[in-house]
Amino acid sequence: MPENTKKELNIKPEEILEIIKDISGQDVYVCYQCGKCTAGCPMSENMDIMPNQIIRLLQIGAFDELLKHNTIWLCASCLTCTSRCPKGVDLARIMEAVRLLLLRQNVAYLNASDIPEEDREELPIQALVGAMRKYSP
Ligand code: SF4
Ligand code: SF4
């Protein structure tokens, strides 16, 4: 992590969902946890919690728990989840909103250059392009 990276999120927990909604235009409470997003996600095998679980953690206000996992950073912004959701939840936008919230706070982001070279060869090209766009502060 860069030296200037802060270790704590300087936002009140009750404000986090409001900010995510402002950035993404999405209401996480619309999700009813059917799991169709996760079933279609091409990156789910590499994620340590599933995309629908990200929404669940947001719903219950467990943002600190969310930050312990790699899921938001491995999301390739491919929009598959968004296209599959029967409730019209744009999960790709929510993932992006969480990343933006953290990047704007300079908290807990993964530097693309930290991804081991051998792993880069196995990643889908969408993930690499997404990483260059998303992970640069
Ligand atoms: S597909 Fe939509 S409703 Fe179902 S778990 Fe995913 S985000 Fe929630
Ligand atoms: S946008 Fe992200 S979470 Fe959604 S299907 Fe693609 S990789 Fe998975």
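Values quoted throughout were computed directly from the atomic coordinates according to the rules given, and no laboratory measurement underlies them. Please read all numbers here as calculations on a predicted model, not as lab measurements. Here Cβ is always computed from backbone atoms with ideal geometry, including for glycine, and neighbour counts include all displayed protein chains.
Laid out as a table, the results:
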item: Mean shadow area of region 14-134, taken as a quarter of the surface of its Cα convex hull (nm²); result: 7.0 nm²
item: Projected label distance in nm at Ile11 and Lys68, using a 7 Å step from Cα toward the beta-carbon; result: 2.1 nm
item: Percent breakdown of C-alpha pair distances by 5 Å bin, ordered from the shortest bin, for region 45-94; result: 5, 21, 32, 25, 15, 3
item: Stretchable slack from Leu79 to Leu103, in nm (0.36 nm times residue separation minus alpha-carbon distance); result: 6.6 nm
item: Gyration tensor (Cα) of region 5-75, equivalent ellipsoid semi-axes in angstrom; result: 21, 16, 10
